[in-house]
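Colleague: The following block contains the structure, expressed as structure tokens.
The values are calculated or read from the model by the stated rules, or taken from the named source; none is laboratory data. For clarity, every value in this text was computed on a predicted model and none was experimentally measured. Glycine also receives a Cβ, built like all others from the backbone with ideal geometry; neighbour counts cover every protein chain displayed.
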Amino acid sequence: MTRPKGPHGDAGDGGDGADGGVPRPRDGHGRPTATIAEGHEAIADAATRGRPGGESAQPRNDPKLGKHDEQTVAEIEKARNQIAPKLQQMADDAWDHVDQNKDAILAQEGYQRRREKLLERGYPEETVDLILERTALGTEAHTHFARSIDAEAQNMLPPETGFRLRTEVGYDAQGVETSRQKDQDFRPDVILERQYEDAATGDLDWEVAHAYDLKTGLKTGIEPGWANKVQDKLDLGRPPEEIRPTQRPLSVD
């Protein structure tokens with residue numbers, strides 16, 4: 001999924017980030033209110049007690065089984081449950097980050113150059129500032145989200161589980177991974193991969209088991225055509241999963 005680039009070459013959210021969002025509620029010191037903070041504590045507490053995301057739900061992938069084997073499907077679900085609370089917390093934290101640093105983000109040279117170009121094209125200043133803010137915050141939220149996952153991926157799914165997380169992986173029109181951006185037909189924000197054994201060689205490799213897309217803007221969900229393409233080309237049992245910050249944008253005003 002082609003997404004707008006930030007000033008440092010980071011990818012945004014395919015137009016969704018340009019819709020911006022409403023900051024999550026805060027106390028007088030700029031911190032998230034107790035409701036959100038307590039929600040995160042409850043998630044952590046649930047994990048330690050063995051509910052979805054806890055140790056008792058630790059997945060154990062068997063690489064000898066096929067991706068759509070009944071046991072494999074169950075283990076993929078365990079992996080999704082294992083990481084769901086942490087992914088949501090990371091999405092919330094990413095939006096907190098851009099909310100708290102909005103002025104500094106918009107002052108970056110790359111965004112200011114973009115602002116000048118839009119003004120030169122004759123757009124009204126108020127419209128330019130609105131476009132720039134929504135695009136910038138969406139882009140930077142995605143960057144923060146991806147970096148958080150990259151830093152915590154092995155803690156979220158330890159190597160012994162036979163699963164791993166990767167971010168910003170691009171695929172061509174046939175669903176083959178490619179690092180060349182111009183060849184990329186779609187690019188989920190996050191992929192969950194499982195290890196499998198090649199039946200012909202006996203070698204171990206990785207295949208995509210599930211995909212995620214972060215949404216920070218006003219769109220109601222992942223575009224169906226894109227979702228169908230990702231599910232089909234990556235041979236997934238489920239469509240890509242949407243992740244949103246807890247406080248969804250409510251309007252364009």
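Colleague: Those residues that are within 24 Å of Leu157 (Cβ to Cβ), free of Cβ contacts under 8 Å to residues at least 60 places away in the same chain and not in a loop (DSSP other than H, G, I, E, B), I need them from the stretch 167-182; list them, please.
Modeller: Once the filter is applied, which keeps residues that are within 24 Å of Leu157 (Cβ to Cβ), free of Cβ contacts under 8 Å to residues at least 60 places away in the same chain and not in a loop (DSSP other than H, G, I, E, B), the stretch 167-182 yields Thr167, Glu177.
Each row is one residue, and each column tells you yes or no for (1) basic (Lys, Arg); (2) at pLDDT 95 or above.
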site: Tyr123; (1), (2): no, no
site: Ala136; (1), (2): no, no
site: Phe145; (1), (2): no, yes
site: Glu152; (1), (2): no, yes
site: Tyr171; (1), (2): no, yes
site: Glu177; (1), (2): no, yes
site: Arg180; (1), (2): yes, no
site: Ile191; (1), (2): no, yes
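Colleague: Does Gln174 meet the test of being loosely packed, with under 15 Cβ neighbours inside 10 Å, of a type outside the set (Asp, Glu) and under 30 Å from Trp206 (Cβ atoms)?
Modeller: Judged against the criteria, Gln174 is a match.
Colleague: Does Glu241 satisfy the criteria of being modelled with pLDDT of 95 or more, under 19 Å from Phe145 (Cβ atoms) and among the acidic types (Asp, Glu)?
Modeller: Judged against the criteria, Glu241 is a match.
Colleague: Asp62 versus (1) within 17 Å of Glu152 (Cβ to Cβ); (2) at pLDDT 95 or above; (3) not in a helix (DSSP H, G or I): which is the lone unmet condition?
Modeller: Checking Asp62 against (1) within 17 Å of Glu152 (Cβ to Cβ); (2) at pLDDT 95 or above; (3) not in a helix (DSSP H, G or I), the one that fails is (1).
Colleague: Taking the residues in the stretch 189-203 that are within 24 Å of Asp150 (Cβ to Cβ) and touching a Pro at 6+ places or on another chain (Cβ under 6 Å) as candidates, determine which candidate is surrounded by the most Cβ atoms within 10 Å (Cβ to Cβ).
Modeller: Only one residue fits best here, namely Tyr196.
Colleague: Oh, and also: Got a sec? Which of Asp203, Asp185 is modelled with pLDDT of 95 or more, under 26 Å from Lys229 (Cα atoms) and of a type outside the set (S, T, N, Q)?
Modeller: Checking each option against the conditions leaves just Asp185.
Colleague: Moving to a separate point now. Only one of Ala136, Ala91 is of a type outside the set (Lys, Arg), in contact with a strand residue (DSSP E or B) (Cβ under 8 Å, 6 or more places away or on another chain) and touching a residue at least 40 places away in the same chain (Cβ under 8 Å). Can you tell me which? Before the answer, list the steps.
Modeller: Details: Ala136 fails: in contact with a strand residue (DSSP E or B) (Cβ under 8 Å, 6 or more places away or on another chain).
Answer to the check: Ala91.
Colleague: Also, I was wondering about something else. Would you be able to tell me the number of residues in the stretch 146-166 that are part of a loop (DSSP other than H, G, I, E, B) and either on the phi > 0 side of the Ramachandran plot or within 18 Å of the chain's Cα centre (by Cα) (or both)?
Modeller: 2
Colleague: Given the condition assigned to a helix (DSSP H, G or I), touching a residue at least 60 places away in the same chain (Cβ under 8 Å), within 15 Å of Leu214 (Cα to Cα) and among the aromatic types (Phe, Trp, Tyr), answer yes or no: does some residue in the stretch 94-103 qualify?
Modeller: The answer is yes, given that some residue of the stretch 94-103 is assigned to a helix (DSSP H, G or I), touching a residue at least 60 places away in the same chain (Cβ under 8 Å), within 15 Å of Leu214 (Cα to Cα) and among the aromatic types (Phe, Trp, Tyr).
Colleague: Could you run through the stretch 134-159 and say how many residues are over 18 Å from Arg187 (Cα atoms) and surrounded by fewer than 19 Cβ atoms within 10 Å (Cβ to Cβ)?
Modeller: Count: 7.
Colleague: With among the small types (Gly, Ala, Ser), under 17 Å from His210 (Cβ atoms) and either at pLDDT 90 or above or within 22 Å of the chain's Cα centre (by Cα) (or both) as the only criterion, which of Ala47, Ala74, Ala37 stands out? Full working, then the answer.
Modeller: Numbers: Ala47 fails: under 17 Å from His210 (Cβ atoms); Ala37 fails: under 17 Å from His210 (Cβ atoms).
Residue meeting the stated conditions: Ala74.
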